[in-house]
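Undergrad: Supplied in structure tokens, the structure appears directly below.
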Amino acid sequence: MAIRKIPQRKCIGCNTSKDKKELIRVVRNAEGEISIDMTGKKPGRGAYICNDIKCLKAAIKGKKLEKAFETSISAEIYARLEQEITADE
């Protein structure tokens, strides 16, 4: 039986490649709305971040989500991301 390839994605906080399932996906849909996609199936432009508070802090400090989506990100999205990360720890 063939071994399936595991998709790799790069964290925008620490810039390391990890398995797609290990990362949290933030997505911007066609209407420009930003949301957190825990399933990885929502349509739209995605950016990935590790399930680590240090990576989130680095992404906030470098405004990496704003650069990835070419739009401003509300504080509510950052708060929800922090809540998701701290809930898993």
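The values are calculated or read from the model by the stated rules, or taken from the named source; none is laboratory data. Just so we're clear, the structure is a prediction, and the values are computed from it rather than from any experiment. Every residue, glycine as well, gets a Cβ built from its backbone with ideal geometry; the counts of neighbours run over all protein chains shown.
Undergrad: Can you tell me how many residues within segment 12-34 are under 16 Å from Glu66 (Cβ atoms) and in contact with a helix residue (DSSP H, G or I) (Cβ under 8 Å, 6 or more places away or on another chain)?
TA: 5
Undergrad: For segment 1-36, enumerate the residues that are buried (at least 17 other Cβ atoms within 10 Å of the Cβ) and in contact with a Lys or Arg (Cβ under 9 Å, 6 or more places away or on another chain).
TA: Of everything in segment 1-36, those that are buried (at least 17 other Cβ atoms within 10 Å of the Cβ) and in contact with a Lys or Arg (Cβ under 9 Å, 6 or more places away or on another chain) turn out to be Arg9, Cys11, Ile12, Gly13, Leu23, Arg25, Val27, Arg28, Ile34.
Undergrad: Quickly run through segment 6-48 and pick out the residues that are assigned to a loop (DSSP other than H, G, I, E, B) and among the polar types (S, T, N, Q).
TA: Asn15, Thr16, Asn29, Thr39
Undergrad: Right, Ile73: touching a Leu at 6+ places or on another chain (Cβ under 6 Å) and either assigned to a loop (DSSP other than H, G, I, E, B) or at pLDDT below 95 (or both) or not?
TA: When the stated conditions are applied, Ile73 passes them.
Undergrad: Here's a follow-up. Considering segment 44-67 alone, what residues qualify as being under 22 Å from Ala30 (Cβ atoms) and surrounded by fewer than 18 Cβ atoms within 10 Å (Cβ to Cβ)?
TA: The answer is Gly44, Arg45, Gly46, Glu66, Lys67.
Undergrad: Let me ask something additional. From Ala87, Ala47, grab the single residue that is at pLDDT 95 or above and either of a type in the set (A, V, I, L, M, F, W, C) or within 11 Å of the chain's Cα centre (by Cα) (or both).
TA: Result of the check over Ala87, Ala47: Ala47.
Let's see how each residue does on (1) among the acidic types (Asp, Glu); (2) closer than 20 Å to Thr86 by Cβ; (3) in contact (Cβ under 8 Å) with a residue 24 or more places away in the chain:
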| residue | (1), (2), (3) |
| --- | --- |
| Asn29 | no, no, no |
| Gly32 | no, no, yes |
| Met38 | no, yes, yes |
| Cys55 | no, yes, yes |
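Undergrad: Would you check if Glu22 is modelled with pLDDT under 95 and in contact with a Cys (Cβ under 9 Å, 6 or more places away or on another chain)?
TA: Here the answer is yes, as Glu22 does meet what is asked.
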